[in-house]
Structures are given as structure tokens and as C-alpha cells.
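To keep things clear, I will list the structure first and then write my remarks on it.
Here, each number is a calculation from the coordinates, and none is a lab measurement. In this text the structure is predicted, and so the values were computed from the model without any measurement. Note that each Cβ is placed from the backbone with ideal geometry, even for glycine, and that neighbours are counted across all protein chains shown.
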Amino acid sequence: VFNHLVRAPEDPILGVTVAYNKDPSPVKLNLGVGAYRTEEGKPLVLNVVRKVEQQLINDLSRNKEYIPIVGLADFNKLSAKLIFGADSPAIQENRVTTVQCLSGTGSLRVGGEFLAKHYHQRTIYLPTPTWGNHPKVFNLAGLSVQTYRYYAPATLGLDFEGLLEDLGSAPSGSIVLLHACAHNPTGVDPTLEQWEQIRQLIRSKALLPFFDSAYQGFASGSLDADAQPVRLFVADGGELLVAQSYAKNLGLYGERVGALSIVCKSADVASRVESQLKLVIRPMYSSPPIHGASIVAAILKDSDLFNEWTIELKGMADRIISMRQQLFDALRSRGTPGDWSHIIKQIGMFTFTGLNAKQVSFMTNEYHIYMTSDGRISMAGLSSKTVPLLADAIHAAVTG
Ligand code: LMR
């Protein structure tokens, strides 16, 4: 009965890892997926995570019972505090409902399904470009996807006028997906002044902001600073949604731990929203897993563990910044044609190099360097040892 099926293409991001795994070359380098690697090129489990996991294992009072449909209460409360700030008026007034979901993707999907079912507008505007999975998540959730201008290839920066123009002409009530910080794939964020203008426009047109916060702590190295754009929108008393991921900032990729928060106008509405979110989640996966959320809750709850986390997080962010500088210097010293200053100006895990699909496939074929075809490289996958190889490959791709 499945004879008619054609083979589906690999995922544009995760498929890069599939191709990388098949390559027998000893010098191969995977700069595709946004996953942190150490200087030795190895995945990193944070010390604070190891420590908490040990405590969880030793605590024999713990069990593996189902947790509630909306997840662990502590985890939800503390996640809201992390993104909105401990003194957030929305939290103090109980206007926020937070549900534990399957990392950032799961949070976006639950939010999308909730909006498709209960919100009066079914159109969501995504930036161009955006994370490749965004359109798929929202289409399958039942929303209709439109785009707004975000990135200007000519300046390798933000197309702020284009953004304002496109959101300005979006039908009132439309949903707008915003990357909270460290825009994926471009590494280009609005300034706080620009965020304020975006906020005014969104509120004046009664658009509904839906933040994707996958990199809190990776843009500036500070969790609070990276949450500023979201907090700007909460401060005006309006509604919004936020999807949070702990994949990158706590390195909990495979644990699939994240949260969806919806800020409402009143505590009563928030509790009704939560009751409806349960109806979205229960038939989808019943309830979320216990382990990752227990780790996060333990770290967020304890000020010593929290401090340890922020130091390790800053360490990851700093290593990425140093990779940016090293790659920039290496291209400069090779005299590679072009202005590569965007490598040090862009922020977060990725550099949007400006290399085209042909140059990318040249680098993969000739140098065994794997990256997404849009020219995005994960700076977190680089090390001092591999920078020269990447610089050689870029130089050859650009001059060849
Ligand atoms: C990425 O963009 O590389 C990450 O968000 C990982 C993913 O799931 O695509």
C-alpha cells in the first residue's frame, strides 16, 4: 500500500549531519547543525548538569510517574521567571501560563496549534530568512505562513525599513514570529532602539508577537540582556507568546526540554488558556518527559547552581566569539577577497557567510566541510585547530 511513495529529501539542517556521518575522511568537519562543541570538537555536557543528574540519581525518593499534561510546576514557574524576569508584572499578576513542551520546536508547535484553534487570525509572518523548520511547524499546525523582510544581502545586515514596511502592511491581528535574540540563521539582531520601534508598530496594528527564544545567553553571554526584547513587549501589558528552548544554553539537546508561555490580559484568561493548552497537548503526546525538566528546575531553583550555569554559559559564548575573531583574522591573513567583518559583527551560534550553494558544495566536496546550503556555518562547531582548514576552504571557494 505504500508503493507509490517517493523518497522524501533529508532535512536541510539535520540531513547535513547524515551526510557528514557517511564521510570517511579523517579531516571532515560538521558546521551544519547548531550544536556546541568543545575545542576538541566534542559535544559538551555542562558540569552543572552532570552534578544535578548525579543528585537526581542518588535521590531514591524520586520516581518515574507520569507528570502532569502541562509538565512540572516548578520548571514552568522558573522558566517564566528566566525569560520575563523575576519582577515581571505579568508573573506577579498571574497573567502568564507556562507549559513544559518538547524543546523549542515542540513549544512552537503547541503554540501554533493553539492559535490555529482559538485565535481569530490564522496568518503568521516569518522573517526572511528564518530557521528552516519554522514554516513547516506552523503550516502543519494549521496556520498560513507569510514572510516579512529581515535580512539585506547587500549590507549583510538588518533590512529594517523592509521589516517595518512589511509588518506595517500585514493585516491587523496577524501573528508575527520574532527571534528573541541571536537570529537563526543570520546572526543579525535589531538594536534595542529598533526593537522599541518594532514593538510600537506591532502594538499599534494589534499584531500578535510570538517569540522564539532558542539562544537566551548566547547572544551577549548574559541571560537577562538577551531577554530584553521579550521584556520590552511584556512591559507594555500586551499579549504575546514565547517558546523557550534549553537545548543550546544548557546543552540539553537530546532531552527535548523547553516551555511555551502565553502572556494574557488577566489571571482568569490565563487559566482558561492553560485549560485549552491541555487539550492540545494530551492527544499529541499526552505529557512531557520528566528528566530534562527536573535538571532545569534544580538549576534554576538553587542560586549556587544557577551561578555555575551562567559561568559555563558565558564560557561557551566566549569561545564562539573567539572563533569569530580567529576565522576573521585567518581570512584577512590569506587576503581572501571580500569584507569579512560580518563574521565578527554577527552574534550567537551562526555566521551567515554570504557563500552561495555552489561554493558550499565545493567546500563539502573538496574540503569535507559540511554546512547548510544557505552558507550558514555553526561557529560553535569550530576550534582553533579547524579554523585554518575552514579559512583555506573559503579562500579557495571564493577565488576558485
Ligand atoms: C539549527 O538550526 O541548527 C538548530 O536549531 C538545530 C535544528 O533542530 O535545526
Practice prompt. Sort largest first and round to whole Å: the equivalent ellipsoid semi-axes of the stretch 234-300, each the square root of five times a Cα gyration tensor eigenvalue.
Written response: 24, 17, 10
Item to complete: Compute the long axis of helix 387-399 from its Cα atoms, compare it with the longest principal axis of the Cα atoms of the chain, and write down the angle in degrees, 0 to 90, nearest 10.
Response: 70 degrees
Discussion item. Can you classify the stretch 178-326 as rounded, prolate or oblate using the Cα gyration tensor, where a ≥ b ≥ c are the square roots of its eigenvalues, rounded means a/c under 1.5, and otherwise it's prolate if a/b beats b/c and oblate if not?
Written reply: oblate
Item to complete: Give the span of the stretch 314-400's Cα atoms along each principal axis, as three whole-Å numbers ordered largest to smallest.
Response: 37, 24, 22
Discussion item. Helix-only estimate, please: 222 nm mean residue ellipticity of the chain, summing -39500 (n - 2.57) across DSSP H runs of length 4 or more and dividing by its residues, to the nearest 500.
Written reply: -14000 deg cm²/dmol
Worksheet item: In degrees, nearest 10, range 0 to 90: what is the angle between the Cα axis of helix 73-84 and the longest Cα principal axis of the chain?
Response: 60 degrees
Worksheet item: For the cross-link pairs K265/K314; K117/K205; K205/K278, which exceed 24 Å when the distance is taken from alpha carbon to alpha carbon?
Response: K265/K314; K205/K278
Practice prompt. Positive end of the charge dipole of the chain (Lys, Arg +1 and Asp, Glu -1 on Cβ, about the Cα centre): tell me which of G221, L140, I344 has its Cα farthest that way.
Written response: L140
Item to complete: Might you report the magnitude of the Cβ-based charge dipole of the chain about its Cα centre, with Lys and Arg at +1 and Asp and Glu at -1, to the nearest 20 debye?
Response: 760 debye
Worksheet item: Picking from Q276, I124, A182, whose Cα lies most toward the positive end of the charge dipole for the stretch 73-301 (charges on Cβ: Lys, Arg +1; Asp, Glu -1)?
Response: Q276
Worksheet item: Among T364, T98, which comes first, second and so on when ranked by fewest other beta-carbon atoms within 10 Å?
Response: T364, T98
Fill in: Tensor-based shape of the stretch 73-301 (alpha-carbon gyration tensor, a/c under 1.5 rounded, otherwise prolate or oblate)
rounded
Response to the item:
A correct Karplus calculation of ³J(HN,Hα) over the stretch 365-379, with 6.51 cos²θ - 1.76 cosθ + 1.60, θ = phi - 60°, whole Hz and x for Gly and Pro, returns 5, 8, 10, 6, 9, 9, 7, 6, 5, 7, x, 7, 10, 7, 5
Item to complete: In whole Hz, with x marking every Gly and Pro, tabulate ³J(HN,Hα) for the stretch 241-246 from phi via Karplus 6.51 cos²θ - 1.76 cosθ + 1.60, θ = phi - 60°.
Response: 10, 9, 9, 10, 10, 9
Worksheet entry | For the stretch 73-301, size of Cβ-based charge dipole, Lys and Arg +1, Asp and Glu -1, in debye | 780 debye
Fill in: Relative packing of peptides 218-226, 56-64, 236-244, 290-298 - highest average C-beta neighbours within 10 Å first
290-298, 236-244, 218-226, 56-64
Item to complete: Taking all pairs of distinct Cα atoms, average 1/r, flip it, and tell me the Kirkwood hydrodynamic radius of the stretch 79-133 in Å to one decimal place.
Response: 13.4 Å
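Tell me, I124, I202, I347 in order of fewest to most beta-carbon neighbours within 10 Å?
I202, I347, I124
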Worksheet item: If you project the alpha carbons of the chain onto the principal axes, what extent comes out on each, in Å, largest first?
Response: 63, 57, 55
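What full-extension length gain, to one decimal in nm, is calculated for S144 and L164 as 0.36 nm per residue of separation minus the Cα-Cα distance?
Taking 0.36 nm per residue and subtracting the Cα distance, the gain is 5.2 nm.
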Worksheet entry | D_trans [Stokes-Einstein, Kirkwood Rh over alpha-carbon pairs] for the stretch 4-158, 10 °C, 1.306 mPa s, µm² s⁻¹ | 79 µm²/s
Response to the item:
Among beta bridges assigned by DSSP with both residues in the chain, the antiparallel ones amount in percent, to the nearest 5, to 50 percent
